[in-house]
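Okay, structure first, notes after.
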Amino acid sequence: MGITGQDGYYLSRLLLQKGYEVHGIVRRSSVMNRVRIDQLKQEIPEHANRLTMHYGDLTDNASILNRVLELEPDEIYNLAAQSHVRVSFDMPMYTQQVNADGALNVLEAARMLNRRKTVKVYQASTSEMFGGLPGTVPQSEATLFHPRSPYGCAKVAAFHHTVHYRESHDLFSANGILFNHESPLRGENFVTRKITLAATRIAEGLQSVLKLGNTKAQRDWGYAGDYVEAMWLILQHDTPEDIVIATGVMRSIEDFLDAAFGAMELNWQDYVQIDPDYFRPTEVHQLCGDPTKARDLLGWRPKTSFEELVRIMLEHDRELARREKWIGEMATKS
């Protein structure tokens, strides 16, 4: 579930490279959202025949149950979500239906399959469950949840459903509590991608202003390509465990701005405008994960530094900006 997103791309690539047969669930819509999957098939054509897409909807219990019982997977990774925190304030019911009820549908389908054969379930949990209240940094598996958004609340429900099915139904179901993880495939409405897109477009003369909300917020940023390996490792462990996946280093949005605009030889303060519309009704000020359990239990460590992450994103978005500029110039000439 969630194969068309950023994490779906990186996880599918990892699983295909490990020899898996990968099946993804996508919603039927009038606009096809398979750009990342098409890109994946082009990058590793030798594995493309082991990647199959199926129509389904996380909020439709029957479609998920039928698909799981039909395919009989060994592992299920539920990455699907309404994943934008700010949007969850505007769409709380939909966020609940997808993120919490949808996760319950997956777990129930897995429980039914588990009567026939052993299946393992990975649930994508999030640092937003912690809320980042003063005195709770860094956050570990023992930190109490205090969600500050409908997104966080729904994810807390999904987390506890996952634990409940593990304890009550003997299902191998585990939560990966991932802190912020980015890549060139991050959605363009997320703050890190907004920054790298804006920095490169400004450098190419295509944009003059970047509007942001709370630039003082601090986050623990890692690379999505590293984090999906931790997802896989969680399901390879002998017992199902809930594990924080993070770098253990916290930086502010202003730090990200410094790194991105500085690489373009620009001063972000000359271009950023603070827009109240981008503030959340309840802000999460500090999120920083304690990755000790992931390191000790799984042997997992992030491979990509913060500086390398920013560079990777900038290189990708600089190419997009140059292509956009070239197309504009060609259109003007014609």
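Only the coordinates and a few stated rules stand behind these numbers; no lab work does. Keep in mind that what you see is a predicted model, and the values were worked out from it rather than measured. As a convention, Cβ positions derive from the backbone with ideal geometry for all residues, glycine included, and neighbour counts pool all protein chains shown.
Each other residue within a Cβ distance under 12 Å of K293 adds +1 if Lys or Arg and -1 if Asp or Glu, for a net charge of -4.
Net charge dipole, the chain: roughly 520 debye, given to the nearest 20, about the Cα centre with Cβ charges of +1 for Lys and Arg and -1 for Asp and Glu. Taking 7 Å steps out from each Cα toward its Cβ at T239 and K117 produces label points 2.7 nm apart.
Residues of the stretch 195-235 falling in the label zone of L14, defined by backbone nitrogen less than 14 Å from a point 7 Å along Cα to beta-carbon, are 222-235.
Among 276-288, 88-100, sorting by the average number of other beta carbon atoms lying within 10 angstrom of each residue, highest first, gives 88-100, 276-288.
First select every other residue whose beta carbon is under 11 angstrom from the beta carbon of L171; then total the charges, Lys and Arg +1, Asp and Glu -1. Once all neighbours under 11 Å are counted, the net charge is +1.
Applying the Karplus relation 6.51 cos²θ - 1.76 cosθ + 1.60 with θ = phi - 60° to the stretch 210-215 yields 3J(HN,Hα) values of 10, 9, 9, x, 7, 7 Hz, where x marks Gly and Pro. Taking all Cα pairs closer than 8 Å and separated by 6 or more residues, the relative contact order of the chain comes to 18 percent. Listed by Cβ neighbour count within 10 Å, with the fewest neighbours leading, L107, L297, L235 appear as L297, L235, L107. A crude spin-label estimate for the pair E21 and N214, with each label 7 Å from Cα along the Cβ direction, gives 4.7 nm.
A simple rule links phi to the HN-Hα coupling: the Karplus curve 6.51 cos²θ - 1.76 cosθ + 1.60 with θ = phi - 60°, which for the stretch 254-263 gives 5, 5, 5, 4, 4, 5, 6, 6, x, 5 Hz, with x for Gly and Pro. Entry note, the stretch 67-159: relative contact order of 39 percent, from Cα contacts under 8 Å with a spacing of 6+ residues.
Taking N as the residue count of the chain, its C-alpha radius of gyration divided by 2.2 N^0.38 Å amounts to 1.01.
Select from G187, F159, H169 the residue farthest towards the positive end of the dipole of the stretch 118-205; place +1 on Cβ of Lys and Arg, -1 on Cβ of Asp and Glu, and compute about the Cα centre. It is G187, whose Cα lies furthest towards the positive end. Sorting 212-219, 39-46, 131-138 by average packing, meaning the other beta carbons within 10 Å per residue, from highest down gives 212-219, 131-138, 39-46. Placing a label point 7 Å from the Cα of K303 along the Cα-to-Cβ direction, the residues of the stretch 310-334 with a backbone N closer than 18 Å are 310-313. Of the residues F306, F190, the one with the fewest other Cβ atoms within 10 Å heads the list, and the complete ranking is F190, F306.
Under 5 Å from the amide H of Y77 lie the amide H atoms of Y122, each residue being 5 or more positions distant or on a separate chain, with H modelled from the backbone and absent for Pro and chain starts.
Take every DSSP beta bridge whose two residues both sit in the chain; close to 5 percent of them are antiparallel.
Centre-to-centre separation between the Cα atoms of the stretch 134-209 and those of the stretch 62-91: 16 Å. Under the convention that each Lys and Arg Cβ holds +1 and each Asp and Glu Cβ holds -1, the size of the dipole of the stretch 40-107 around its Cα centre is about 180 debye.
Counted by Cβ distance under 13 Å from D317, the other residues give a net charge of +3, where Lys and Arg count +1 and Asp and Glu count -1. State the antiparallel share, in %, of DSSP beta bridges confined to the stretch 158-293, rounding to the nearest 5. About 20 percent, rounded to the nearest 5.
Entry note, the chain: the mean residue ellipticity at 222 nm calculated from DSSP H runs of n ≥ 4, each adding -39500 (n - 2.57), is -13000 deg cm²/dmol after division by the residues and rounding to the nearest 500. Exposure proxy ranking for Y227, Y271, Y165, based on other Cβ atoms within 10 angstrom of each Cβ and starting from the fewest, stands as Y271, Y165, Y227.
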